[in-house]
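Notes follow the structure.
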Amino acid sequence: MSALILGIETSCDETAAALVAEDMTVAASVVASQVDLHAVYGGVVPEVAARSHLDDIVPVVDRAFIEAGVDEKDVEAIAVANGPGLVGSLLVGVSTAKALSLVWDKPIVAVNHLEGHLASAALGDSEVRFPVLVLLVSGGHTLLAVARDPGVYQLLGSTRDDSVGEAYDKVARVLGLGYPGGPPVDRLAKEGKDNLAFPRPMLADGLDFSFAGLKTAVARYLKDNPQYVLEDVAASFAGACMDVLVGKLRLALDEVDVASAAVVGGVAASPVLRDRLDQVSSEVGVPIAIPPLDYATDNAAMIAAAAWPQFRRNGSDPLDFSAVPNLKLPTA
Ligand code: KG4
Ligand code: ZN
């Protein structure tokens, strides 16, 4: 068995551990979702999330080793997401990783969760060639950035209010579809018609995003049209989101010269978006990397994947790093 990095991810509401080889082979990836715990509140409750990570982290790490059929002797380094995220949640992963690093005498690598999402695109068949244009679409972020080399980014645009994932979650809530909103809204969208003229905020206006107005437009439509067709609302909302995401991606591809693009984060699990990206890629002649479905939403394989090149470049991090809730992408 080749050497593995143990990845640990606890930034929000998934407790995850994974073992990944340097060639990006995933030996094990375990994700314990807290969705059921938070669903009753309609969103993530930070205190509940942190306590649940505490209960789950050791069994989740153990299970990763059992699934991979390896032990700590096969581990070359331990990687952990240290931000951005909820501080109480991040601290559970960071403390666990530090304890394992001390006990097993292994190097430790602090990984930016956002760089983890970017690395997720390399876990499947897609190739991420630099310079790469990154569209990150998650629950916490919606941004466009260029990485000329691994680990250094130039931010091109980001959301001025809600992230696209947040818009999905809020629209799902007013439609009574529960949390998280992405999967049920997309499922209904497939059965409906994109026939309601919801706004495409800031579509032709630079590379920043805004989704709050779209969410409000949907809520107003539901109030004014109590006989609404649920599937058509879902399809029209998803259509508006995707028009904006794809439109901005194309705009950015016109502006910057890149060898590839990568669309990553939880919303990259959307079949509506994945279909559209195929089309864009063939039209613009730039390969667009997307993560395999299992690695689009939060997981630890992406943290280990991001850690490998970082570990080769910089070696071990000193043990005194902390959890950084508002950690940004490292920019040039
Ligand atoms: O990347 P992620 O797992 O967590 C963050 O880092 O934020 O993204 C979670 C977001 C949620 O807002 C969820 O509704 C959305 O990703 N999501 C989806 C789908 N699956 C998850 N959005 C659209 N379509 C999906 N199939
Ligand atoms: Zn994430």
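The values are calculated or read from the model by the stated rules, or taken from the named source; none is laboratory data. These numbers were taken from a predicted model, which means no experiment stands behind them. Here Cβ is always computed from backbone atoms with ideal geometry, including for glycine, and neighbour counts include all displayed protein chains. Just so you know, the surface numbers come from the protein's heavy atoms only, side chains and all, with ligands and any DNA or RNA stripped out. Shrake-Rupley method; radii C 1.70, N 1.55, O 1.52, S 1.80 Å.
Averaged across orientations, what area in nm² does the convex hull of the alpha carbons in the stretch 188-234 project?
Average projection, Cα convex hull of the stretch 188-234: 3.7 nm².
Can you compute the equivalent ellipsoid semi-axes for the stretch 109-187, i.e. the square root of 5 times each eigenvalue of the Cα gyration tensor, sorted largest first and rounded to whole Å? Don't skip to the end; give the middle numbers.
Details: eigenvalues 152, 42, 24 Å².
Gyration-tensor ellipsoid for the stretch 109-187: 28, 15, 11 Å.
Ignoring ligands, DNA and RNA, what percent of the 1.4 Å accessible area of the stretch 266-332 is carbon and sulfur?
Within the stretch 266-332, the accessible surface is 53 percent carbon and sulfur.
Among all helices in the chain defined by DSSP H, which have a length of 30 Å or more along the axis from Cα atoms plus a Kyte-Doolittle mean of at least 0.0? Before the final figure, lay out each step's value.
Numbers: long enough: 46-68 (31 Å, 0.26); 230-255 (38 Å, 0.78).
For the chain, where a helix must reach 30 Å along its axis and average at least 0.0, the hits are 46-68, 230-255.
Measure off 7 Å from each Cα along the Cα-to-Cβ vector at Asp208 and Gln279, then give the distance between these two points in nanometres to one decimal.
2.9 nm
Where does the Debye-calculated log10 I(q)/I(0) of the stretch 206-298 sit at q = 0.10, 0.12, 0.17, 0.20 Å⁻¹, using only Cα point scatterers of equal weight, no solvent?
Ignoring solvent entirely, the Cα scatterers give -0.33, -0.46, -0.83, -1.04.
log₁₀ I(q)/I(0) of the stretch 1-96 at q = 0.11, 0.15, 0.21 Å⁻¹, via Debye over equal Cα point scatterers, no solvent, to two decimals?
Result of the Debye calculation: -0.31, -0.56, -0.95.
Note the full-extension length gain between Met24 and Leu37 as 0.36 nm times their separation in residues minus their Cα-Cα distance, in nm to one decimal.
So the extension gain works out to 1.5 nm.
At a Förster radius of 25 Å, what calculated FRET efficiency corresponds to the Cβ-Cβ distance of Ser95 and Ala332, to the nearest 0.05?
0.20
Express the relative contact order of the chain as a whole percentage, based on alpha carbon pairs under 8 Å and six or more residues apart in sequence.
25 percent
Using R₀ = 25 Å, calculate the FRET efficiency as 1/(1 + (r/R₀)^6) where r is the Cβ-Cβ separation of Thr216 and Asn195; round to 0.05.
0.80
Bins of 5 Å, beginning at zero and ending with the bin holding the largest distance: percent of Cα pairs per bin for the stretch 258-332, please.
Result returned by the calculation: 3, 12, 16, 21, 18, 14, 9, 5, 2, 0.
Take each of the peptides 311-321, 114-124, 51-61, 9-19, average the number of other beta-carbon atoms within 10 Å over its residues, and list them starting from the highest.
The most tightly packed comes first, giving 9-19, 114-124, 51-61, 311-321.
Compute and list, largest first, the equivalent-ellipsoid semi-axes of the chain from the alpha carbon gyration tensor, each √(5λ) rounded to a whole angstrom.
Here the semi-axes work out to 34, 23, 16 Å.
Can you tell which of Ser236, Ser322, Ser33 shows the greatest fluctuation in a Gaussian network model of the chain with Cα springs below 10 Å?
Comparing Ser236, Ser322, Ser33 in a Gaussian network model of the chain, the most mobile one is Ser322.
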